[in-house]
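Reading through the structure tokens given below for one structure.
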Amino acid sequence: MKVAALIVAGGTGTRAGAGAGGAAPKQYRSLLGEPVLRHSLRAFCQHTDISMVQTVIAADAFEAFSAAAADLPVLAPIIGGDTRQDSVLAGLTALADHAPDVVLIHDGARPCVDEATISRVIASLHDAKGAVAALPVSDTLKLEEDGTAAAGPAREGLWRAQTPQGFRFEEILAAYRAANKTYTDDAAVAEAAGLDVRLVRGSEDNIKITYEEDFARAAAILAGHHGGIMMETRTGLGVDVHRFGEGDTVWLCGVAIPHEQALAGHSDADVGLHALTDAVLGTIGAEDIGAHFPPSDAKWKDASSDQFLRHAVGLVHEKSGRITHLDVTIICEAPKVSPHRAAMRERVAAICGIDVSRVSVKATTTEKLGPTGRGEGIEARAVATVELPRMATP
């Protein structure tokens, strides 16, 4: 059989953080040093039974796609439509000129698909019109009624659909052209057209990146495919000091605290967030806050410091890492930190996209000693702990 692979990669990936702080769509974010989409493309390009690989992308993604597909033997990309269903139809229409016998449709955000899963789907198409990689449901299912659990359907006979989903080419093209409503996946389109679709064993590793935490899991899976996964823990230290100046509000860890003075600085002078930013940057050797947001740049004058910390966390995510704990200590005589501690923890957790249990905010004084003891300013010291995947060494 002449087998084509159609990789659908035109989505925006907002649930995985795309657009926040300038983050790219999930399929173009870094995963073990390469774009997510490159892992997906390579799985099909390297499979000996695949004759061609066609990709559907967004209209503004040519440059990102070119970087992701560099040196891979793929066809020129096709611009997708407003929905995934529209994009698949556009890709199938483009493939018609190449006349494949069967096509495997795969989500670009499933970078961990393995050779065996692809092979099982292809093998089923020798005597079936459609085949879907899937896994039987093993958990008890519940329905939600007004926030409480209610009995759900029996799990026996229920499967979780994955991709690739494979079909006889002419039949799935006709099914997509005839579709008059939106379906949840390719198999549903085929089923609506009267095609029998076979369930084929998928893989627990064949996850779809949907949320931010999925990046670290995908990195661990992929590294395991290449010889074993080990996660390494890194820590970074951050220190920041600002003197008092004129004003009536102090910003600490993203919380505005009324005070008889304000902290002086080019941005909002939030020593807590500045120290945390340097600590996070330190875990990946990414220089310091001044290198990323130079005070000589008027762009950052009076800037809110939450964007500095969010940027640093984004750099960790680009390396497929995750923040496991943040600890900051505020050193000052005044204002009092304890009444605002809970709000500070919640604000830091929200900025970093982590649970508040992973954030610690403490305060102390220097017993009237030194500049902070004399009330001349506030100091903050922070420690960040992250986990990053690393390849096993022989």
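Values quoted throughout were computed directly from the atomic coordinates according to the rules given, and no laboratory measurement underlies them. For clarity, every value in this text was computed on a predicted model and none was experimentally measured. Note that we place each Cβ from the backbone using ideal geometry, even for glycine, and neighbour counts take in every protein chain shown.
Do any GluC sites (Glu not before Pro) in region 163-217 lie in a loop, going by DSSP, with at most 15 other beta-carbon atoms within 10 Å of their beta carbon, and if so which?
Values: sites: Glu170, Glu171, Glu191, Glu204, Glu212, Glu213; in loops: Glu204, Glu212, Glu213.
The qualifying sites are Glu204, Glu213.
Which pairs in the list Lys2/Lys129; Lys336/Lys362; Lys26/Lys142 are over 18 Å apart, alpha-carbon to alpha-carbon? Intermediate results must be reported in sequence, preceding the final value.
Details: Lys2/Lys129 15 Å; Lys336/Lys362 11 Å; Lys26/Lys142 30 Å.
Over 18 Å apart, Cα to Cα: Lys26/Lys142.
Placing +1 on the Cβ of each Lys and Arg and -1 on the Cβ of each Asp and Glu in region 1-155, which of Val56, Val132, Ile79 has its Cα farthest towards the positive end of the resulting dipole?
Result: Val132.
Using a Gaussian network for the chain with springs between C-alpha atoms less than 10 Å apart, which of these wobbles most: Arg322, Arg160, Arg310?
Between Arg322, Arg160, Arg310, it is Arg160 that shows the largest mean-square fluctuation.
State to the nearest 20 debye the size of the charge dipole of the chain about its Cα centre, where the only charges are +1 on K and R beta carbons and -1 on D and E beta carbons.
440 debye
From the P(r) of region 78-154, could you give the percentage of C-alpha pairs in the tail past 18 Å?
Percentage above 18 Å: 63.
Placing +1 on the Cβ of each Lys and Arg and -1 on the Cβ of each Asp and Glu in region 173-270, which of Ala218, Met231, Val255 has its Cα farthest towards the positive end of the resulting dipole?
Ala218
For region 10-140, what does the relative contact order come out to in percent, with C-alpha contacts under 8 Å and a separation of six or more? Before the final figure, lay out the partial values.
Values: 142 pairs, mean separation 30.3, N = 131.
23 percent.
Considering the Cα positions of the chain, please state its Rg to one decimal place and its Dmax as a whole number of Å.
25.8, 83
Based solely on its DSSP helices, what 222 nm [θ] is calculated for the chain when runs of n ≥ 4 H residues each add -39,500 (n - 2.57) and the sum is averaged over all residues, nearest 500 deg cm²/dmol?
One gets -8500 deg cm²/dmol as the mean residue ellipticity at 222 nm.
Report the local net charge at Tyr176: Lys and Arg +1, Asp and Glu -1, summed over other residues whose C-beta lies under 13 Å from its C-beta.
-2
Most fluctuating residue of Gly370, Gly282, Gly108 in a GNM of the chain with Cα springs under 10 Å: which is it?
Taking springs between Cα atoms under 10 Å, the residue moving most is Gly370.
Tell me which residues come under 5 Å, amide H to amide H, from Thr249 once H is placed; ignore anything under 5 positions away on its chain.
His259, Ala262
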